[in-house]
1. Hey, any hits in segment 45-56 for a residue that's touching a Phe, Trp or Tyr at 6+ places or on another chain (Cβ under 6 Å) and either surrounded by 15 or more Cβ atoms within 10 Å (Cβ to Cβ) or more than 27 Å from residue 103 (Cβ to Cβ) (or both)?
2. Restricting attention to segment 94-107, does a residue exist that is modelled with pLDDT of 90 or more and surrounded by fewer than 12 Cβ atoms within 10 Å (Cβ to Cβ)?
3. Within segment 42-61, track down each residue that is closer than 17 Å to residue 90 by Cα and either in a helix (DSSP H, G or I) or of a type in the set (Val, Ile, Thr) (or both).
4. If residue 74 satisfies all but one of (1) surrounded by 15 or more Cβ atoms within 10 Å (Cβ to Cβ); (2) within 30 Å of residue 21 (Cα to Cα), what's the number of the condition it fails?
5. State whether one or more residues within segment 82-90 are in contact (Cβ under 8 Å) with a residue 12 or more places away in the chain, part of a helix (DSSP H, G or I), over 30 Å from residue 125 (Cβ atoms) and more than 20 Å from the chain's Cα centre (by Cα).
Amino acid sequence: MSVMEKTTLDMAAVLMNAYHLGDMINGSAEVADYLYWKDLLDQDPEVKALVKKLENKKELFEECQRFGHFHPNYHKALDEVKGIELELEKIESVAKFKASEAKLDELLYEISTTIAYSVSDTIKVPSNNPLPNEGGCSTGGSCSGSCG
């Protein structure tokens, strides 16, 4: 058996296991919860109306933002956008959707971390968390010294 054939066989096994892992993730409670709340969110007429209103207010804010704080309606437009966002967050389907999305994101991050660290402890795993809590220079984790 040549080196190329061995690589092909190993890659086929890796791909099969990846598909199996994908199926397991798709069958998880986190994905079911996410899809349930996403469906409710998509069907909620109150959410649809507020999203449309938010899009309009964001357009107005973007016009003001071109001039920054100097635009006479900048702060008013910003406050209106934030107000609608707060209204949206008070709706149960939006809050539950965001929570289920965060749980699913955490699950996917844990899986990615497990896979990456099974290859090497120094592999960086991307995260949606703007304030990562492990690794890197600022958190006391292992540091390669190449970040600054």
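The values are calculated or read from the model by the stated rules, or taken from the named source; none is laboratory data. Computed from a predicted model, the values in this text were never measured in an experiment. Ideal geometry is used to build each Cβ from the backbone, glycine not excepted, and the neighbour counts take in all protein chains shown.
1. No: zero hits.
2. Checked segment 94-107: no residue is modelled with pLDDT of 90 or more and surrounded by fewer than 12 Cβ atoms within 10 Å (Cβ to Cβ).
3. 42, 43, 45, 46, 47, 48, 49, 50, 51, 52, 53, 54
4. Against the list (1) surrounded by 15 or more Cβ atoms within 10 Å (Cβ to Cβ); (2) within 30 Å of residue 21 (Cα to Cα), residue 74 comes up short only on (2).
5. yes
Per-residue answers, yes or no, for (1) hydroxyl-bearing (Ser, Thr, Tyr); (2) modelled with pLDDT under 95:
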position	(1), (2)
3	no, yes
9	no, yes
22	no, no
28	yes, no
39	no, no
47	no, no
64	no, yes
